[in-house]
Amino acid sequence: MGQGGVRSKIRTARAPGPAVRGTEAAWSLAFGRASRDTASLDLAVEAARLERRGLAELLELPPERGLIAVLDGPKEGLGLIVLGPDLLAGIVEMQTIGRVSAGPALVRRPTRTDAAMAGDLIDRALILLEEALAAEEDLVWAGGFRYASFLEDARPLGHLLEDQPYRVMVAEAVLSGGAKRDRIILALPAEGRGPAPARLRVDEEAKAGAAFRAALGAQVMASAASMHAVLARVTLPIQAVMALQAGDTLRLGRAALDRIDVETSEGRRTVGGKLGQNRGMRAVRVLADAEPAERVSPRAVGPAAKVHAVRAAG
C-alpha cells in the first residue's frame, strides 16, 4: 500500500467517535483501586485520555521493554494493555520486597513471571471498569475483557490483532507518591461486541414490544372479516328442504327490517341493528340495544307460493 493509502487509512481511523463521558475517570479509579487490592500498591492514575486510533497507529505506541498483555473479549474480540517498564518494575517490587524503589527500572525484557504478577491486577482493573460502566453505553465496548497472555515484544501484534479502529486509553501512573511513574495503555476494539447495559436492554425491549404491538394491530386492522346480516332464520325438516322448488314461499313470521342480527361466518351473533341504505347500497346500522331477529318455527311449505325472503347478506 502506498503512503497515500496509509495516510487515508489513518485519517479514517482518527475520525471522531461517539462522545465518551466518564470512561477516563472510571478507568483511572479502577486501575488505582486494583493496584491497592491486589498488590497493596499506592498508585494514582493521571491525565487519562481516550482516543480513536487505527491498527497502524496502535502498533507504534508500546514502549521498549514494556509488558504487552493480550486481552480476550466478547465474540472473540482481542484487546491490549501495555504497562510501561517503570510501572511494571514498581508492581513487581511491591510484591517481592514490599516497597517501590526510587529511580528508573533496570533495562530488561519482561518475563512470564512478571506477567503472572501483573495478571491479577489487570483483571481486577478490568472488572472494576465494567462495574463502573454497568449503566453506561460504553460498557458495550469496554466490558467483558480479561487477561489472556503476554508478548515479549510488539512484533506479532500486527498479525494477532484485527485491522480495525480501536479505542485507546493512554494514562500516566504515579507510584508511591512519585517514586516511579510510567504509562498505561488500554486498547479495545472501537465497535463494541459486549452486551448492552441493563438500562439500554430494558429500553430496547420496550421499543421492540411497542413496535410488535403496532405491527400486530396494523395486521389485524388490515384483515378481512366476513359478516352476515340475518333478517330471520327458518328451520325445516330435511324432507321439506329437499321438496323446495322455484316459487315456493317461506313464511318469516314477525321478521322486520329494524331487527337484524349481524353474525360471524360460523353463525354467532355479535350485534344487532336495522336495515337501511348508504350511498345507494344496502347497509346495516348497528344498535347497541337491538333485540335478536325473529327465530321462525317449522311451517308447511306450499308448492304454489312465491319465495318471499330468506337471508340478507352483506
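From the list Gly73, Gly66, Gly54, Gly79, which one is in contact with a helix residue (DSSP H, G or I) (Cβ under 6 Å, 6 or more places away or on another chain), buried (at least 17 other Cβ atoms within 10 Å of the Cβ), farther than 19 Å from Met117 by Cα and not aromatic (Phe, Trp, Tyr)? Full working, then the answer.
Working: Gly73 fails: in contact with a helix residue (DSSP H, G or I) (Cβ under 6 Å, 6 or more places away or on another chain); Gly66 fails: farther than 19 Å from Met117 by Cα; Gly79 fails: in contact with a helix residue (DSSP H, G or I) (Cβ under 6 Å, 6 or more places away or on another chain).
Residue meeting the stated conditions: Gly54.
Filter segment 208-251 down to the residues that are farther than 30 Å from Val271 by Cβ and within 25 Å of the chain's Cα centre (by Cα) and list them by number.
The first filter runs over segment 208-251 and keeps only residues farther than 30 Å from Val271 by Cβ, leaving 208-211, 237-240, 242-248.
If the condition is that a residue be farther than 30 Å from Val271 by Cβ and within 25 Å of the chain's Cα centre (by Cα), then Ala208, Gly209, Ala210, Ala211 are the ones that fit.
The residue list Ala69, Ala125, Ala118, Ala48 contains one member that is at pLDDT 95 or above, within 23 Å of Val168 (Cα to Cα) and in a strand (DSSP E or B), which is Ala69. Filtered by the rule that a residue be open to solvent by 30 Å² or more (accessible area, probe 1.4 Å) and among the β-branched types (Val, Ile, Thr), segment 118-134 gives a lone residue, Ile127.
Scanning segment 132-151 for residues being part of a helix (DSSP H, G or I) and under 15 Å from Arg193 (Cα atoms) gives a total of 4.
This table checks each residue for (1) over 17 Å from Met169 (Cα atoms); (2) touching a residue at least 60 places away in the same chain (Cβ under 8 Å); (3) of a type in the set (Lys, Arg); (4) open to solvent by 70 Å² or more (accessible area, probe 1.4 Å).
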| residue | (1), (2), (3), (4) |
| --- | --- |
| Pro85 | yes, yes, no, no |
| Ile91 | yes, no, no, no |
| Gln95 | yes, no, no, yes |
| Gly98 | yes, no, no, no |
| Ala102 | yes, yes, no, yes |
| Glu137 | no, yes, no, yes |
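Scanning segment 42-51 for residues that are touching an Asp or Glu at 6+ places or on another chain (Cβ under 9 Å) and open to solvent by less than 30 Å² (accessible area, probe 1.4 Å) yields Val45, Ala48. Restricting attention to segment 217-233, the residues being surrounded by 10 or more Cβ atoms within 10 Å (Cβ to Cβ) and either touching a His at 6+ places or on another chain (Cβ under 6 Å) or not small (Gly, Ala, Ser) (or both) number 5.
In segment 79-105, which residues are farther than 20 Å from Ala69 by Cα and in a helix (DSSP H, G or I)?
Of segment 79-105, the ones farther than 20 Å from Ala69 by Cα are 96-104.
The answer is Thr96, and nothing else.
Residues in segment 108-117: is at least one open to solvent by less than 30 Å² (accessible area, probe 1.4 Å), closer than 24 Å to Gly143 by Cβ and of a type outside the set (Val, Ile, Thr)? Spell out how you get there, then give the answer.
First, the residues of segment 108-117 that are open to solvent by less than 30 Å² (accessible area, probe 1.4 Å): 110, 114-115.
Filter once more, keeping what is closer than 24 Å to Gly143 by Cβ: 115.
Next, from what is left, pick out any that are of a type outside the set (Val, Ile, Thr): 115.
So far as segment 108-117 goes, yes, one or more of its residues are open to solvent by less than 30 Å² (accessible area, probe 1.4 Å), closer than 24 Å to Gly143 by Cβ and of a type outside the set (Val, Ile, Thr).
The values are calculated or read from the model by the stated rules, or taken from the named source; none is laboratory data. Here the structure is a predicted model, which is why all the values come from computation and not from measurement. No Cβ is skipped: glycine too gets one built from the backbone with ideal geometry, and neighbour counts run over all protein chains shown. Only protein heavy atoms, including side chains, enter the accessible area calculation; ligands, DNA and RNA are left aside. Shrake-Rupley method; radii C 1.70, N 1.55, O 1.52, S 1.80 Å.
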